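Report on the structure given below.
The values are calculated or read from the model by the stated rules, or taken from the named source; none is laboratory data. As the structure is a prediction and not an experimental result, all values here were calculated from the model. Cβ atoms come from the backbone with ideal geometry, glycine included; neighbour counts cover every protein chain shown. Note: areas computed on protein heavy atoms with side chains; ligands, DNA, RNA excluded. Shrake-Rupley method; radii C 1.70, N 1.55, O 1.52, S 1.80 Å.
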Amino acid sequence: MGEASGWPLHPRRVVIVDDEPPAREKIRRFLAGDRRVEIVGEAGNGLGAVEVLERERPDLVFLDIQMPELDGFGVLEALEIEPLPRIIFVTAHDEHAVQAFEVRALDYLLKPVDRDRFTLALDRALEELERTGREREVRGKRELDGDGGEDEGPTAGDRSLLALARELPPD
């Protein structure tokens, strides 16, 4: 997909956070050559993630959950930036899926991640970023026109995550 199909002229800024170097390398490989994204930073632990995310203010983060010093959820709680970047969790642990949806993650990828599943998650995330960007423009115009609008409930990303959570085996 390119600029003619509605993708932005400037690539979406991405940060990769995982304590395992091979996992970061795999995500880098999956993103390589995709002109829709630009990797602007990486971190190998939670505290490093907070620093990189606050400095770079990315659009999208591929975020591991279990890491030294601060887990993925702790990273999100520690961030002091608005708006928060959109999140795709990448983890070996399926037991955190419900909590991931509660923090409005766009997707939840279980390791080992295959390219097709990764590409699906990336495509959905980029579509969601485009959609919410257009909604912000419309909402801004409404506010200028005196019509503030209302919150429209769960996003498509929220609904996708809830569907994935329903597929998880019961405890």
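Each Lys and Arg adds +1 at its Cβ and each Asp and Glu adds -1 at its Cβ; summed about the Cα centre, segment 47-94 shows a dipole of about 140 debye. Ranking 47, 61, 81 by Cα position along the charge dipole of segment 25-85, where only Lys, Arg, Asp and Glu carry charges on their C-beta atoms, puts 61 farthest toward the positive end.
The residues 10, 96, sorted by heavy-atom accessible surface at 1.4 Å with ligands and nucleic acids left out, run 10, 96 from largest to smallest.
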